[in-house]
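Below is one structure, written out as structure tokens; the observations come after it.
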Amino acid sequence: MTFEAVRAAYPDGLREIVGGGPFDWPAGHATDDTDLTRAVLLAYLEPGDDLVRTAGEHMLDWFDGNWPGRTPGSRPFDIGGATTTGLTRFRETRDWRRAGSGAGSAGNGSLMRCIPTALARPTADPALRAGEATAISAITHDDPRCVHACVAYTEIVVALLAGESPREAAGAGLLAMQALRGIDPEDGAAAVELAIGQGLDIDLEQAVDQGDAGLAHGGTGYVLDSLALAVAALVDPRPAVDSLVDVTRLGGDTDTNGAIAGGLLGARDGVSAWPASWLSQLQFAPEFRAAASTFATSGG
């Protein structure tokens, strides 16, 4: 929905999970964002011999309809073009280096699913995290902006889990990009660094109140718009619920922007930040809670 349509339908923002929308979604049912996050999550829980290939195989299960909540054999209809292209290539090669949708395809479809790397590897060598985030992104989104956005996002989440402030955590993402600038010939790291800086300068509440839907709404699904908006939500001093509601009030690619921003807000404030009425409806809530406990116990 557009910003104007959201404001007309929900003047104060939609504050409960009601289902519906253009796809007539059941309340609390996973969209592609959560489904593909789950695919990566499962790979970290049972990585096999090749973590990245395992993640890709789970994505293919989802792509082919072999997935909880889907009619067996029916492909998802909430799927982006880059994800379709990347998974089709991955099916042929089973190699993330020869998959992906190619340079120039810079949607937010890998950024929305990259948080499991941070949750599973909070104490690992940053180079290991970066390598895994890069490879898992490249299964579908291998444009440098997508790959480096996932690396930066992972470092921001790790910093939040370590107790750093929102701006300090954003700084961890900036430092990761600064380290890559000299070895990134396509300037993807510099573009991600700029997007994080833009997010730090956005007043999310003001943007919504003033109707500035063009500021960073991510309506086209561009990865750096979504990253900037997530950073703006992260540094918003209000409760997580208010920030997340405003992210979706801006319209556009609301489910993915909400997933990306919600990941940072959850890492910042913990699960207690979310209303029980939300959590009780989420399709994979028990499974995700169990995974979080596993990661917390193992310590990465």
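Quick note: the coordinates plus some simple rules give every number you see, no bench work behind them. As the structure is a prediction and not an experimental result, all values here were calculated from the model. Note: ideal-geometry Cβ built from the backbone for every residue, glycine included; neighbour counts use all protein chains shown.
Here are some notes:
- Each residue of the stretch 43-51 is assigned a 3J(HN,Hα), and the resulting list reads 5, 6, 6, 9, x, x, 7, 9, 4 Hz, derived from the Karplus form 6.51 cos²θ - 1.76 cosθ + 1.60 (θ = phi - 60°), x at Gly and Pro.
- D (Stokes-Einstein, µm²/s), Kirkwood Cα radius, the stretch 28-274, 1.002 mPa s at 20 °C: 121
- When you filter the GluC sites (Glu not before Pro) in the stretch 129-188 for DSSP loop state and at most 15 other Cβ atoms inside 10 Å of their Cβ, you are left with Glu186.
- Efficiency of FRET from Cβ geometry, Thr123 and Leu14, R₀ 41 Å, rounded to 0.05: 0.65
- Added length on full extension, which subtracts the Cα-Cα distance from 0.36 nm per residue, Gln178 to Glu205: 6.8 nm
- The string of couplings for the stretch 260-266 from the Karplus curve (6.51, -1.76, 1.60, θ = phi - 60°) is 5, 5, x, x, 5, 5, x Hz, one whole number per residue in order, with x for Gly and Pro.
- Sequence-ordered 3J(HN,Hα) estimates for the stretch 140-154 from the Karplus curve with 6.51, -1.76 and 1.60 and θ = phi - 60° stand at 10, 10, 9, 4, x, 5, 5, 4, 6, 4, 5, 4, 5, 4, 4 Hz, glycine and proline given as x.
- Backbone amide hydrogens, once placed in the peptide plane, bring Trp25 within less than 5 Å of Gly20, excluding anything fewer than 5 places away on its chain.
- In this structure, Leu194 and Thr71 have a Cβ-Cβ separation that, at R0 = 35 Å, corresponds to a calculated FRET efficiency of about 0.25.
- Under the convention that each Lys and Arg Cβ holds +1 and each Asp and Glu Cβ holds -1, the size of the dipole of the chain around its Cα centre is about 560 debye.
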